[in-house]
Amino acid sequence: MSEPVQRPADRYSPLYFLASLGAGGLAVTFFMYLLFWVPHPGQPVPIFGDIAAAFAAGGAPMQAAIVVALIGIAAMAFLNVKSLIWNFRALSAFARTDAYRELRQSNGETTLLAAPLASAMTINVGFIVGLVFVPGLWNVVEYLFPLALLAFLGIGIWALRLIGDFLGRVLTQGGVFDVTAHNSFAQLLPAFALSMVGVGLAAPSAMSTATVTVGASLVLSTFFGIAAILYALVAAITAFNSMLHHGTAKEAGPTLMVIVPIVTVLGILFMRQSHGLHVAFDAEGSAGGTLVFLSRLMAVEVLFLLLGALVLRRQGYFAEFIRGERASAGSYALICPGVAFAVMTHFFVNKGLVMAGVIDKFGTAYWVLTAVALAAQGAMIWLVLHLNRRHFGRRSADAAVAAE
């Protein structure tokens, strides 16, 4: 019988922060049930009182949905925080190794952006937990928004400093960036981090009634949103050129779909800004315009999901890294696109089709389309648990050898 050996996660990579990110994203998918199914008059998001009232007055389906949502949020928030703490401890130890110093001199330096990315997600998850589990939180929320802006701004500065270290090195020292190893979308991770900071900064513009708070939220979120778009465009164009020359790096194949979560996060950012402009500055939008906007985002996401699935299938990625014996921290990058697609589908159905009057809320077409989001969510829950077992569970000696 084989003796237990080290877990794959013991060969640390900053990409393990994506395990925390994925769990946090799944908490958001459960919050979608409450956001779009529970009435919440008087504020743009459901709070504890709205949920309690809906549970008391609702039938069995509503009650079941609320119970599932609350359990899902609590469980995934726990995994999110647990994984984040583990990662910071592991990163602290990793930073004292030669492998870390080598990482800081390679293309992989940008994987360090997974830390602020996951941290920003955890703040978002914390706010969701507060809304649904803490009675009376909304009464003091205006005092919390400035603190949230400062927290996200701090993470944004952290991310910009890491990006500055990387760009300062590769743009001033010729030949230090390996173009042949740029054959994936791994270099879009900084754009993902910037967009996550941006969407957090945009939250007060959608929920605050204080003009100063809304204005600060709009300006700061615009800066990080535009920074994310510019970085993503440059990194994607140069990476695609490298992929055409050298093919897609097999272990980094999942990054082909990182466009999906970036699009979802930026889409929510712009919708939050639109709501703030309407409430605070009387800038009117239209249901038809929102439908077209969300349709365009869905088109981009579906196209990149298809592209990623095509390449991963041709490379045999799932057989090797998901069902096979090899283990790669980059496999956690598969969770983000599925989660983001589920969230965007909820927005497309509710803020797009329903608001524009194309379909009826809770009608047959509504549930058929919503089932797509629920299926994606279910698949990602399985994937998170599966990858956690593979990477954080003890493995046999034979399996460990295959993973190396």
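Bear in mind these aren't lab numbers, they're just calculated from the coordinates by the rules spelled out. Values in this document were obtained by computation on a predicted structure and should not be read as measured data. Here the Cβ is made from the backbone with ideal geometry for all residues, glycine too, and neighbour counts use every protein chain on show.
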Angle in degrees between helix 211-246 and the longest Cα principal axis of the chain, rounded to the nearest 10: 40
In straight Cα distance, which lysines are under 20 Å from Lys361, not counting same-chain residues fewer than 8 positions off? Lys351
Between 0 and 90 degrees, rounded to the nearest ten: what's the tilt of helix 335-347 against the longest Cα principal axis of the chain? 20
Given (i) 152; (ii) 124; (iii) 171, which label gives volume of the Cα convex hull per residue in Å³ as computed from the coordinates? (i)
Sequence gap at least 6, Cα distance under 8 Å: using those rules, report the relative contact order of region 8-403 to the nearest whole percent. 19
Tell me, what is a quarter of the convex hull surface for the C-alpha atoms of region 268-313, in nm² with one decimal? 3.5
Taking the Cβ-Cβ separation of Ala57 and Gln173 as r and a Förster radius of 60 Å, what is the calculated FRET efficiency to the nearest 0.05? 0.40
For region 75-96 versus region 271-342, the gap between their alpha-carbon centres in whole angstrom: 25
Can you compute the modelled spin-label distance between Trp367 and Val292, with each label point 7 Å from Cα toward Cβ, in nm? 3.4
If a paramagnetic tag sat 7 Å from the Cα of Val219 along the Cα-Cβ line, which residues of region 127-149 would have the backbone N under 18 Å from that point? 145-149
With a 10 Å Cβ neighbour count serving as the proxy for reagent exposure, in which order, fewest first, do Ile322, Ile66, Ile262, Ile157 appear? Ile157, Ile322, Ile66, Ile262
Whole-Hz couplings from phi, Karplus 6.51/-1.76/1.60, listed for region 290-301; x for Gly and Pro: 5, 4, 5, 4, 5, 5, 5, 5, 4, 4, 4, 5
Using only Cα atoms, find the angle between the long axis of helix 189-207 and the longest principal axis of the chain, and express it within 0 to 90 degrees, rounded to the nearest 10. 10
Please give the calculated 222 nm ellipticity per residue for the chain, where each DSSP H segment of at least 4 residues contributes -39500 (n - 2.57) and the sum is spread over every residue; nearest 500 deg cm²/dmol? -24000 deg cm²/dmol
Convex hull (Cα only) mean projected area of region 33-149, reported in nm² to one decimal: 9.4
